[in-house]
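Laboratory data are not the source of any read-out in this text; all were calculated from the coordinates shown. Computed from a prediction, not measured in an experiment: that's the story for all the values here. Positions of Cβ are backbone-derived with ideal geometry, glycine not excepted, and every protein chain shown enters the neighbour counts.
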Amino acid sequence: MPKIIHSMIRVLDLDQSLKFYDQVLGLKPAHQLDFPDFALVYLRNAENDFEIELTFNKGREEPYTHGTGYGHVAVVVDDVAAEHARLQGLGYEPAAVKEFKRGEELLARFFFIQDPDGYKIEVLERHGHYL
């Protein structure tokens, strides 16, 4: 079976994006390819081998658009409230923590945060399907 290895996003300010992904998700560069016109930086952490590939097109000044197709990347944490507070303490602006229920059954507790280029990241609490 095919193995999913990375998701690629284009970023406008590589340094700002590297800082965001390190501080918010603990992702650090695992591999980098630098070319005259662009750079590819693969980010990962010790939790898994899936990577986010940041593509930085050198010299670009206008922000990227996301169209109507992009949804989000999702991560899980042990305590959503604590992670929400940590990110606020770093000066980020995560959306409010929400609960997704079926009747009285809690299906998920989560919040969203956007990276410097506006890509959404869903932060879910380890629970049920989201382990």
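Structure notes:
- With Cα atoms, 0 to 90° folded angle of helix 80-89 axis to the chain main axis: 50
- Two-decimal ratio, the chain, of alpha-carbon radius of gyration to 2.2 N^0.38 Å: 1.13
- Most mobile of LEU90, LEU18, LEU43 in a GNM of the chain (Cα contacts under 10 Å): LEU90
- A protection proxy built from the mean count of other Cβ atoms within 10 Å ranks the segments 44-50, 121-127, most packed first, as 121-127, 44-50.
- For the pair the stretch 14-42 / the stretch 94-131, the C-alpha centres are spaced 25 Å from each other.
- Distance in nm between pseudo-label sites at ASN45 and GLU105 (7 Å out along the Cβ direction from Cα): 2.9
- Farthest towards the positive end of the charge dipole of the chain, among the residues GLN88, GLY103, GLN32, is the Cα of GLY103, using unit charges on the Cβ of Lys, Arg, Asp and Glu.
- Annotation: for a label point projected 7 angstrom from Cα along Cα→Cβ of ASN57, residues of the stretch 9-31 with backbone N closer than 19 Å are 9-18.
- Taking the longest Cα principal axis of the chain as reference, the axis of helix 14-25 is set at about 20 degrees.
- Net dipole in debye of the chain [+1 Lys, Arg Cβ; -1 Asp, Glu Cβ; about Cα centre; nearest 20]: 220
- Reachable lysines from LYS3, criterion Cα separation under 23 angstrom, eight or more residues apart if same chain: LYS28
- Take every pair of alpha-carbon atoms less than 8 Å apart whose residues are at least six positions apart; their mean separation over the length of the chain yields a relative contact order of 22 percent.
- Beta bridges from DSSP with both residues in the chain: antiparallel share about 70 percent, rounded to the nearest 5.
- For the pair PHE38 and VAL73, a Förster radius of 22 Å applied to the C-beta separation gives a FRET efficiency near 0.55, rounded to the nearest 0.05.
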